[in-house]
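Scroll down for the structure; my scribbles are underneath it.
The values are calculated or read from the model by the stated rules, or taken from the named source; none is laboratory data. Note that this is a predicted model, so its numbers are computed, not measured. Counting neighbours? That spans all protein chains shown, and the Cβs are built from the backbone with ideal geometry, glycine included.
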Amino acid sequence: MSKEVRRVKCPFCGHAQDAVVDSRSCKEYIRRRRRCLGCGRRYSTYEYIEDTLLEVTKRDGRHEPFDRIKLRESVRRACGKNSPAISAVEDMAAAIESQLREKSEERISSQRIGELVLEGLAKIDPKAYIRFGLGFHRLTTAPEMLRWLKQLESEQQMPVPASGRRASPRR
């Protein structure tokens, strides 16, 4: 079995040869500091360790490979302008991925991933939790949204905003 070897190209000049200056290993990835032999500039590459290929089963039955970047970006979109620290979002995405890999299942439902994201957002950002939850549960009408929010309050899953104020309707 031969593995395909990919050469890293310099993001600045496109030169294909570089030298590894520093290498650091983490649980989820290996960070390599590189120096381009063409222009001399430095840059970092991240190599993620992939045990098994996780496949996500979508609601409509399609399958697609798990993508941590897609997960991270959906969490950032939910956070909007109130974005928590990038490291918090990255840590949450890494934690969700490691939870999924620990189960040693090759196919994971998008529903399960959404539930894990909701659990993580509840701890990070209450507004993002609500924003993501409305989209995740496909709530489109005001009565559906109110029912879901009341259920959250009764189950005390949703953190209560510090201000205690209700949003006024837009006109």
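Computed quantities for the displayed model
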item: Flag if SER98 is over 28 Å from ILE30 (Cβ atoms), small (Gly, Ala, Ser) and in contact (Cβ under 8 Å) with a residue 24 or more places away in the chain; result: no
item: Matching strands (runs of 3 or more DSSP E) fully within the range 54-171 where at least 2 residues are modelled with pLDDT of 75 or more, exposed (fewer than 10 other Cβ atoms within 10 Å of the Cβ) and touching a Lys or Arg at 6+ places or on another chain (Cβ under 6 Å); result: none
item: Members of the range 109-118 found to be without any contact (Cβ under 8 Å) to a residue 40 or more places away in the chain and either within 12 Å of VAL75 (Cα to Cα) or among the hydrophobic types (A, V, I, L, M, F, W, C) (or both), listed by number; result: GLY114, LEU116, LEU118
